[in-house]
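Contents: one structure, followed by commentary.
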Amino acid sequence: MGRDFESILRERKGRRRVRDPATLKYYRSLFTKYLEGRELSEDLVDYVVSHPNRWLRNVFRHYVQYLYYRRRISPEAFGWLTEAVPSRGYRLDVKPYPISLEDVRRTLELLGENHPVYYTVYRVMIESGARYTHVLRMIESWDPGGTVEIPGVGVTTERLVCPGDKGFCRYYMGLRGSAKQCEWIYFSRETLELLMRVAPRRVGRHQPRRYAVRHGLVLPKYMRKVAWRLMVKTVGREAARFMQSRFGELRVSEARYEDLLGEADQAYPKYLEHLAEVGLT
């Protein structure tokens, strides 16, 4: 996969641009393994459509768009190829996630006894509901002593904020240009102590997942879903959406930002209390 193609993926796709280095690396490996050097033909289209890895469809469609942008295929060919090869596809029906709190408790207990780094990752996820990749990024780039300015709000703040004696902290990430936004990551004072011991540190995103599979634990990606399920019961949907940076579901004006931040700070201790009640802290 050439640099020109990667540049198009990163910079020329508007809101659907691909900026995450891990995603680009994965796309590159798929392209190299399955597409590089092959002739653009009906046989290749059939191969991509029937391939068990649906992500290959996305890579192929990106490449077709790149060829069209560079005027290497005609509008007719572009239309046929994008019609013949559907995207990976996303189900819009409700997905069942049969994850019991007992499974989550057992996962946290085992990690706490055997792997402090992965335990910290899971603790941050269940306490914040942040995305897995964002938690790993926070741990890798951990810099609690800095001061930042929140864009569009005109507020200067410490990156790590621990309001009074409320028993929690929040860490400013400010990820807005990527496909998935992340503003603040909330966690308890106890988890802050864990973070101070293990961060900064790079944790490969596949490492905790493989460890979880080997030991029959809840996969890290499900911790955000469990946190959401518990959070909406205790703090309400609007505060939960703000805490978890679900800004696609939440309209946040400049004037409303500080109100939501204050409401989240007031509500978050209730969520920590609920986690303690169900035995997850």
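The values are calculated or read from the model by the stated rules, or taken from the named source; none is laboratory data. From a predicted model like this one, the values you see are computed outputs, not experimental measurements. All Cβ positions, glycine included, derive from the backbone under ideal geometry; neighbour counts span all protein chains shown. Just so you know, the surface numbers come from the protein's heavy atoms only, side chains and all, with ligands and any DNA or RNA stripped out. Shrake-Rupley method; radii C 1.70, N 1.55, O 1.52, S 1.80 Å.
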Of the candidates TYR222, TYR211, TYR186, the one satisfying the condition of being open to solvent by less than 70 Å² (accessible area, probe 1.4 Å) and touching a strand residue (DSSP E or B) at 6+ places or on another chain (Cβ under 7 Å) is TYR186
Restricting attention to the stretch 86-96, and to residues there that are loosely packed, with under 10 Cβ neighbours inside 10 Å and on the phi < 0 side of the Ramachandran plot, which single residue is modelled with the lowest pLDDT?
LEU92
Conditions (1) out of contact with any Pro (no Cβ under 6 Å at 6 or more places or on another chain); (2) open to solvent by 10 Å² or more (accessible area, probe 1.4 Å); (3) under 19 Å from ARG159 (Cα atoms) -> GLY279 fails only (3)
State whether one or more residues within the stretch 249-263 are assigned to a helix (DSSP H, G or I) and within 19 Å of the chain's Cα centre (by Cα).
yes
Wholly enclosed strands (runs of 3 or more DSSP E) of the stretch 153-217 bearing at least 3 residues modelled with pLDDT of 90 or more and either not hydrophobic (A, V, I, L, M, F, W, C) or not assigned by the TED database to the domain that holds LEU261 (or both)
168-175, 182-188
